[in-house]
């Protein structure tokens with residue numbers, strides 16, 4: 001009987017933890033464990049932020065993040081966004097305002113991240129995958 005009770009408690013505890021994980025369930029919020037580890041200094045800054053973001057997100061108006069070089073991008077991404085989330089929460093797609101904006105969606109608990117980025121439409125899937133892999137690699 002005692003063993004049965006302990007087993008039930010363990011099962012319920014595990015289920016409770018799984019259910020409260022914000023990324024649970026929706027594939028949009030799940031990190032791919034087989035994805036390559038990406039870093040800003042590796043390719044993310046040059047391939048994405050330099051080409052797609054820094055023309056607006058730069059030192060002239062850093063209100064919503066300065067992505068003009070790898071050091072400034074790294075410094076700005078983990079700061080609070082103007083919404084309830086951080087700009088980027090390493091390894092947590094569903095808690096990263098940037099990821100939600102790039103996919104024009106709300107967070108797993110209904111968190112608002114504002115309108116789609118870039119303005120006028122979403123980045124191509126390949127570009128969004130770079131950001132996804134970077135966030136899931138720890139956003140370094």
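Tabulated data for the structure shown
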{"item": "Residues within the range 78-93 that are buried (at least 17 other Cβ atoms within 10 Å of the Cβ) and either touching a strand residue (DSSP E or B) at 6+ places or on another chain (Cβ under 8 Å) or closer than 13 Å to residue 28 by Cβ (or both), tallied", "result": "7"}
{"item": "Residue match in the range 16-28 (condition: surrounded by 12 or more Cβ atoms within 10 Å (Cβ to Cβ), modelled with pLDDT of 90 or more and touching a helix residue (DSSP H, G or I) at 6+ places or on another chain (Cβ under 8 Å))", "result": "yes"}
{"item": "Filtered residues of the range 66-90 (kept if in contact with a helix residue (DSSP H, G or I) (Cβ under 9 Å, 6 or more places away or on another chain) and more than 24 Å from residue 105 (Cβ to Cβ))", "result": "66, 68, 69, 70, 71, 72, 74"}
{"item": "Candidate set: the range 67-93, residues that are in a loop (DSSP other than H, G, I, E, B) and in contact (Cβ under 8 Å) with a residue 60 or more places away in the chain; chosen: the one nearest to the chain's Cα centre (by Cα)", "result": "92"}
{"item": "Residue, surrounded by the fewest Cβ atoms within 10 Å (Cβ to Cβ), within the range 58-76, restricted to residues that are under 24 Å from residue 31 (Cβ atoms) and out of contact with any strand residue (DSSP E or B) (no Cβ under 8 Å at 6 or more places or on another chain)", "result": "75"}
{"item": "Qualifying positions in the range 33-57 - surrounded by 16 or more Cβ atoms within 10 Å (Cβ to Cβ) and more than 16 Å from residue 124 (Cα to Cα)", "result": "38, 40, 45, 54, 57"}
{"item": "Answer residue from the range 129-140, given it is part of a loop (DSSP other than H, G, I, E, B) and within 11 Å of the chain's Cα centre (by Cα) and is surrounded by the most Cβ atoms within 10 Å (Cβ to Cβ) among those", "result": "139"}
{"item": "Filter result (assigned to a helix (DSSP H, G or I), surrounded by fewer than 18 Cβ atoms within 10 Å (Cβ to Cβ) and touching a residue at least 60 places away in the same chain (Cβ under 8 Å)) within the range 94-128", "result": "127"}
{"item": "Residue under evaluation residue 63, criteria (1) assigned to a helix (DSSP H, G or I); (2) more than 18 Å from residue 139 (Cβ to Cβ); (3) touching a helix residue (DSSP H, G or I) at 6+ places or on another chain (Cβ under 8 Å), criterion not met", "result": "(3)"}
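The values are calculated or read from the model by the stated rules, or taken from the named source; none is laboratory data. This structure is a prediction, so every number in the text was calculated from the model and none was measured. Cβ: placed from backbone, ideal geometry, glycine included. Neighbour counts: every protein chain shown.
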